Amino acid sequence: MIPPAVMNELRSIVGPEAMIESAAARRAYECDAFTLVRHSPGLVVLPGCTAEVAAIVRCLSGHGIPFVPRGAGTGLAGGSITRADAVLIGLNRMRRIRRIDLRNRLAEVEAGVANLAMTRAVASDGFQFAPDPSSQQACSIGGNCATNAGGPHTLKCGVTVNHILALEFVTCSGEVRRIGCEQGDAPGLDLVGLIVGSEGTFGIVTAATVRLSRNPPAVRTLLAVFESIGDATRTVSDIIARGITPAAMEMMDAGVIEAVEAAFQIGLPLDAAAVLIIEVDGVAAGLDAEAEQATGIARANGARSVRAAANEEERAALWKSRKRAAGALGRITTSYCTQDGVVPRSELPGLMADIAEIAARHALRVANLVHAGDGNIHPILMYDERDAEQTQRVIRAGEEILQACIRRGGTITGEHGVGVEKIDLMPMLFSPADLQSMLRLRAAFNPRGLCNPHKIFPDTKGCWEIYKPGKRAAV
Ligand SMILES: Cc1cc2nc3c(=O)[nH]c(=O)nc-3n(C[C@H](O)[C@H](O)[C@H](O)COP(=O)(O)OP(=O)(O)OC[C@H]3O[C@@H](n4cnc5c(N)ncnc54)[C@H](O)[C@@H]3O)c2cc1C
């Protein structure tokens, strides 16, 4: 589908070793971690530097060929899915940390640097890149910028946009721009704020100047065990209502506990309905009192036990169980689909009941991972993707869960983005006039719609409509 003349031009930019051309090799890029939609790109190119990205974009836009940026491919909404008429631009060879400036608490990193690699590079100096998505071992800083990624600890420290000072950015016509300001707020419009979260539809991030945060001087990590999900989620809103802002407040239900114990055997109670990991951090003085207050609130809500991690090893085991929980679920199901929605914290008990009812009605098994402090739910629907009818039930159940979020005053994504997965739900959330305003803004950056087409917005050729299982039109 990609004309041979264009292939030759691209080969001369990146070299033949950075082109993935064969059908078999392109299949590795047919989906991200949202596996309900799969389609091989027409070609994959792997540029090694910003100049190559810019030259690729100039070539493709000159020929009117669509292109899609991709980082590590851990996205959970199908944001980096392409069609056979498009070129996938993989940024994962661009892994250089260009500069670390601890005096000014910033670092400049290329888009393909993994999130955790950034933190590891400054950890021995007592710093971190604070956004910590559970996929942080693999996901890229470029992908974090595109999705405005969150994570367990973004409850207190804020999501990716709060930690990006400036961007190096290739526009949709192939020009290299520097956006933002290393000293903080730049005068004029907040273009960094616009680009972060635009899901790769405004152009390509080639590097980011990130804010480095001091590691907290002291931390207390609690594990509270509950007989009911309602008690666990009520604890969450009570803790926040009492004026405590924990660094993180994460819930895992019985389904997740079962998977995590099968994988890691860290001693979570298999007979519990849910556990909450509650972490408070800051200066040591007063931290024990805060932990005791949180413990009291959990007990008042019926926690059967609350214990503090005795040492760093125990704390690390708890976080390993949480951050690797999705992977652990692979042990107990053939396929799974991770949903992402948000409700006001106080609506969590009701929403968790909605999720249980929806899953039961569709005869699906569900396990719940919840960034509970943020009201951000991740129900994980388990199924067998070889069964087309079951797959359709997963899609319907996912949509119903997100509709329940909207009814309860929430929204359809907390951190994974809209991608192709949630396009059909956008009109439930926004009026036609609101959607038009957003499309006009996108057109200012991406006037011909060549950069990551048919994502986020229900345009006339919605990708989801094309790719929906059972509706795989020839493209
Ligand atoms: C097990 C697991 C746990 C997860 N936990 C979390 C979590 O806690 N919090 C969270 O927010 N997410 C989480 N995610 C989702 C995912 O990891 C994040 O969305 C992450 O930010 C995606 O990064 P990536 O490099 O994999 O991007 P990709 O999947 O490659 O791409 C995601 C989107 O970003 C665009 N994009 C990628 N790179 C660029 C670039 N350089 N310039 C412009 N656009 C670009 C793509 O076009 C696509 O639209 C999880 C995923 C998995 C599989």
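Sub-6 Å Cβ pairs linking a first residue in the stretch 73-85 that is more than 12 Å from R38 (Cα to Cα) and in contact (Cβ under 8 Å) with a residue 60 or more places away in the chain to a second residue that is among the hydroxyl-bearing types (S, T, Y) and more than 6 Å from the ligand (Cβ to nearest atom), at least 6 apart or interchain, are L76/T338, ordered by first then second residue. A single entry from G142, G112 fulfils the requirement of being at pLDDT 95 or above, near the ligand (Cβ under 8 Å from one of its atoms) and part of a helix (DSSP H, G or I): G142.
So, Q128, is that one touching a helix residue (DSSP H, G or I) at 6+ places or on another chain (Cβ under 6 Å), more than 8 Å from the ligand (Cβ to nearest atom) and touching a residue at least 60 places away in the same chain (Cβ under 8 Å) or not? When the stated conditions are applied, Q128 passes them. When I377 is tested against (1) under 22 Å from E258 (Cβ atoms); (2) in contact with a Ser or Thr (Cβ under 8 Å, 6 or more places away or on another chain); (3) not charged (D, E, K, R), exactly one condition is not met: (2). For the stretch 386-396, the criterion of a residue being away from the ligand (no atom under 16 Å from the Cβ), more than 23 Å from the chain's Cα centre (by Cα) and in contact (Cβ under 8 Å) with a residue 60 or more places away in the chain is satisfied by at least one position.
Within the stretch 332-354, none of the residues are free of Cβ contacts under 8 Å to residues at least 40 places away in the same chain, assigned to a helix (DSSP H, G or I), more than 16 Å from the ligand (Cβ to nearest atom) and not aromatic (F, W, Y). Checking each residue in the stretch 347-397 for being at pLDDT below 95, within 30 Å of K156 (Cα to Cα) and of a type in the set (D, E) picks out only D374. Does R95 satisfy being within 16 Å of the ligand (Cβ to nearest atom) and in contact with a Ser or Thr (Cβ under 6 Å, 6 or more places away or on another chain)? For R95, the condition - within 16 Å of the ligand (Cβ to nearest atom) and in contact with a Ser or Thr (Cβ under 6 Å, 6 or more places away or on another chain) - is not met.
Contact map, the stretch 407-436: first residue part of a loop (DSSP other than H, G, I, E, B), second residue surrounded by fewer than 17 Cβ atoms within 10 Å (Cβ to Cβ) and modelled with pLDDT of 95 or more, Cβ cut-off under 8 Å, separation 6 or more or different chains; pairs are R408/P344; R408/G350; G409/P344; G410/P344; I412/I406; F430/M438.
The values are calculated or read from the model by the stated rules, or taken from the named source; none is laboratory data. These numbers were taken from a predicted model, which means no experiment stands behind them. Positions of Cβ are backbone-derived with ideal geometry, glycine not excepted, and every protein chain shown enters the neighbour counts.
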